[in-house]
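What follows is a short report on a single structure.
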Amino acid sequence: MTDEDVLVVGGGLAGLTAALFTARADLDTRVVSTGEPILRRNAHLENFPGFPAGVNPRLLLDSTREQAERNGVQFTDDRVERVAPLDPEDPPYSEDGDLGPDDEVSGFAVSLDDGDALTATYVVAASWSDPSYLDDLDVSMVQRGSKQFVGVDDLGRTEVDGLYAAGRLAKQYHQAVVAAGHGAQVAITLLEDSDRPFYHDWVVPEGYFTGRDRAVPPGCEEIDESERRRREDESRAAIRESVADPHPDGPTMHPSVADEE
Ligand SMILES: Cc1cc2nc3c(=O)[nH]c(=O)nc-3n(C[C@H](O)[C@H](O)[C@H](O)COP(=O)(O)OP(=O)(O)OC[C@H]3O[C@@H](n4cnc5c(N)ncnc54)[C@H](O)[C@@H]3O)c2cc1C
């Protein structure tokens, strides 16, 4: 058994959204990230759907991380140094002894900068702009100028089974909603590639499926009217709290400009 079902490298919008989706599908999910998401450089985000007058991008990032945490995502603040295939000669054994030498183990060994190591069944690389930790894997890279992108298929799969790439690192357009949407798309691809039953991540009113004598499909949830109102009240309180004060942080300047100051 690996430490994590899913390890996401990079806690920008792509990684956070991918993690949100896999955690909501009950996969143990950890985001390992260091350094700032690139969106923290933006002054005011005006093209992310749902915010008529725009939104502070640092608030959006904080809120997305809080949403991921509420849904069970774990976070480690560290740099991923290396991702390598798990060694079948030296697989990790679970502490409770359920797993023996004859059990098949697949996945990845992930080394962190502080010397720790983790294992994961799936890895999602969402670490714009550094893919160097993938050098030991047979992954194609696309070079454009000084930038390197990870080669993926239309749904974010790399050539290595169990390894996916999301967001700008996967050569998606350099826009926030695209990064978030691609993170979701890659996570759903991962779920569909796993044996886990999954239909859609939908919350629907009571009776939407069962009222038609259909079982609630995996990934979906039916809630009654009082639960719907409870969740609405909770979400209004969370939004009110998050916007009560201006965000304390301003934008991060481009490093070359900052260096000149
Ligand atoms: C100045 C500026 C303004 C912008 N304005 C807009 C805008 O108005 N509208 C819009 O739609 N888009 C805008 N964008 C683009 C948008 O911010 C990005 O396309 C999007 O946020 C990319 O998200 P991402 O998750 O792919 O990458 P990132 O947000 O960069 O996330 C990657 C994370 O991975 C971390 N990481 C890297 N290597 C490692 C490693 N080895 N181990 C662990 N962690 C690692 C990074 O430090 C980072 O935190 C702007 C970008 C910039 C630079």
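Run the helix sum for the chain: -39,500 (n - 2.57) per DSSP H stretch of 4+ residues, divided by residue count, reported at 222 nm to the nearest 500 deg cm²/dmol.
Estimated from H runs of four or more residues: -8500 deg cm²/dmol.
Treating only the Cβ of Lys, Arg, Asp and Glu as charged (+1, +1, -1, -1), what charge dipole size does region 106-261 show about its Cα centre? Round to the nearest 20 debye.
580 debye
How would Tyr208, Tyr173 line up from fewest to most surrounding beta-carbon atoms within 10 angstrom?
Details: Tyr208 16, Tyr173 10.
Ranked by crowding around the Cβ, least crowded first: Tyr173, Tyr208.
Among Leu39, Val83, Gly15, whose Cα sits farthest toward the positive end of the charge dipole of region 1-85 (+1 at Cβ of Lys/Arg, -1 at Cβ of Asp/Glu, about the Cα centre)?
Leu39
State the Kirkwood hydrodynamic radius of region 129-184 in Å, one decimal place, computed from all pairs of distinct Cα atoms.
This gives a value of 11.5 Å.
State the dimensionless ratio Rg/Rh of region 199-261 (Rg: radius of gyration of Cα atoms; Rh: Kirkwood radius).
Numbers: Rg = 21.5 Å, Rh = 15.7 Å.
Ratio of gyration radius to Kirkwood radius: 1.37.
Which whole DSSP H helices in the chain pass both tests: a Cα extent of 24 Å or more along the axis and a mean Kyte-Doolittle value no lower than 0.0?
Span-like helices, by this rule, are 176-193.
Relative to the present Cα-Cα distance, how much length would full extension add between Asn47 and Asp87 at 0.36 nm per residue of separation? Don't jump to the answer; show the numbers that get you there.
Numbers: separation 40, 0.36 × 40 = 14.40 nm, distance 4.50 nm.
So the extension gain works out to 9.9 nm.
Please rank Val73, Val204, Val31, Val243, fewest neighbouring Cβ atoms within 10 Å first, as an exposure proxy.
Lowest count first: Val243, Val204, Val73, Val31.
Output needed: percent of Cα pairs per 10 Å distance bin for the chain, bins running from 0 to the one holding the longest distance.
7, 26, 33, 22, 10, 2, 0
Each value in this text was obtained by applying a stated rule to the coordinates, not by laboratory testing. All figures in this text were calculated on a predicted structure; none of them were measured in a lab. Note: ideal-geometry Cβ built from the backbone for every residue, glycine included; neighbour counts use all protein chains shown.
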